[in-house]
Amino acid sequence: MVTGSVSVDEAMSDAELRRLLWRGTRELRPADITYRAAPLKGTGTVAGQSVVHLDLPRLAVLARALREDRAGLPR
């Protein structure tokens with residue numbers, strides 16, 4: 001698995017990953033955290049199941065902002 005911040009493969013143990021997480025979040029404060037929810041279009045039913053429909057154009061804008069590290073959009 002590869003992300004913009006961490007690359008992990010089968011050689012990395014769970015303990016090593018926990019140590020990395022602990023080091024990276026030890027000084028994390030609530031003010032450092034930003035929450036973003038996926039933009040929704042509404043709810044509905046598909047094949048008898050309740051579903052939530054994403055607003056795909058707005059989701060694309062959010063995804064681009066996250067990729068470009070501009071997630072600090074107004075809350």
| message | Going residue by residue through the range 3-16, is there one that turns out to be open to solvent by 80 Å² or more (accessible area, probe 1.4 Å), in a loop (DSSP other than H, G, I, E, B), at pLDDT below 90 and of a type in the set (Val, Ile, Thr)? | response | no
| said: I'd like the full set of residues that are at pLDDT below 85 and small (Gly, Ala, Ser), limited to the range 56-75. | reply: Ala71, Gly72
| message | Tally up the residues in the range 29-44 that are open to solvent by 100 Å² or more (accessible area, probe 1.4 Å) and β-branched (Val, Ile, Thr), please. | response | 1
| message | Looking at the range 17-55 only, could you name the residues that are modelled with pLDDT of 80 or more, of a type outside the set (Lys, Arg), in a loop (DSSP other than H, G, I, E, B) and under 24 Å from Glu68 (Cα atoms)? | response | Ala37, Ala38, Pro39, Asp55
| query | What is the number of the single condition among (1) of a type in the set (A, V, I, L, M); (2) out of contact with any strand residue (DSSP E or B) (no Cβ under 9 Å at 6 or more places or on another chain); (3) loosely packed, with under 12 Cβ neighbours inside 10 Å that Val51 does not meet? | reply | (2)
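The values are calculated or read from the model by the stated rules, or taken from the named source; none is laboratory data. Source: prediction; values computed, not measured. Reconstructed Cβ throughout: ideal geometry from the backbone, glycine too, with neighbour counts over all protein chains shown. Accessible surface areas use protein heavy atoms only, side chains included; no ligands, DNA or RNA. Shrake-Rupley method; radii C 1.70, N 1.55, O 1.52, S 1.80 Å.
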